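Notes follow once the structure below has been shown.
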């Protein structure tokens, strides 16, 4: 049932109270890492309390958050649970794309020249096998679908990009890119970490073949857990070049471990090869509950509203320059801006307990649903003071 504006406002206010860090800092840095929420901390404590005081393993209780998280991720991202693998980070899934596709000497991987290193180095390693790497040149921190269309020569077998660029928040059109890759029979891999949990996305409607995201940013989880989506239609394209005992279907029963005739799990779960980061997954499940309770559409709308206020000030300023795209289709929950002395501004913000990031010559602001307009007003107040002081 859809929430009305008052209900949404109430949920957002309640959610803010779940993050104690916000009483000490104006925290606008979720693109780097989130504040730890009380429900997540409680689940972590519960896991460690069990380890400390309970001697007999409860296998069902240990594994239940894994399957629950899989179900919740499928709900959040509009896909089937069988298309979700619970992983450890973004790089895990990107490596599945790089090495599972069976690329041959002479094949080409297409990349963009503004990617975070996690979406570059797994593919650069392929050069040792004779695979070619081709970069598309960006313009003003962005690229267009037409740039990719021109670059998709017959030798290109895989294209990988970010959903949201890490340094300026430019959001890419996954649906248009997915359609193009499908028409050209090119595998489409996406680094989704800077959008997952902040922007609504129905993966089943995008044409994305593989989508990988660590959960330690907008999904609010502890470090060490994430997920990879592998579309059912593309599942047969990715082969297991490594395997582990937890990629096998044991039916939840581990009393016949000498039975080596077991089959691998169906779907993406076959890539869950070994011991899980159980404690992080317990925290991840609690984080997903928070996001689903508020609603991803409500979160996305709220974050844009916060950044609208900042954009209004920056546009009127004579000193600050926005480097993020402002077209609505390109926007995300990240806004970056610069000036003549951005490092000084960044340090001054830190001195005022306003937490942002300094990336590629710009100040990156990345609020989430726990932030409010007062946070942005305080940021603007300090930015105005720095400007009036001549950036000294």
Select from region 12-31 the residues that are touching a strand residue (DSSP E or B) at 6+ places or on another chain (Cβ under 7 Å) and surrounded by 15 or more Cβ atoms within 10 Å (Cβ to Cβ) and write down the one among them that is farthest from residue 336 (Cα to Cα). 25
Tally, over region 329-357, of residues that are assigned to a helix (DSSP H, G or I), in contact (Cβ under 8 Å) with a residue 24 or more places away in the chain and surrounded by fewer than 19 Cβ atoms within 10 Å (Cβ to Cβ): 4
Taking region 184-207 and keeping only residues that are within 13 Å of residue 94 (Cβ to Cβ) and more than 12 Å from the chain's Cα centre (by Cα), one is left with 187, 188, 189
Count of residues meeting criterion [within 23 Å of residue 79 (Cα to Cα), touching a residue at least 40 places away in the same chain (Cβ under 8 Å) and assigned to a loop (DSSP other than H, G, I, E, B)] in region 231-271: 5
Could you tell me how many of the residues in region 32-62 are out of contact with any strand residue (DSSP E or B) (no Cβ under 8 Å at 6 or more places or on another chain) and either free of Cβ contacts under 8 Å to residues at least 24 places away in the same chain or closer than 24 Å to residue 380 by Cβ (or both)? 15
Wholly within region 90-168, which helices (runs of 4 or more DSSP H) include no fewer than the required count, namely at least 3 residues that are surrounded by fewer than 16 Cβ atoms within 10 Å (Cβ to Cβ), without any contact (Cβ under 8 Å) to a residue 12 or more places away in the chain and not assigned by the TED database to the domain that holds residue 364? 145-151
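The values are calculated or read from the model by the stated rules, or taken from the named source; none is laboratory data. Nothing here was measured: the structure is a model prediction, and the numbers come from that model. Cβ: placed from backbone, ideal geometry, glycine included. Neighbour counts: every protein chain shown.
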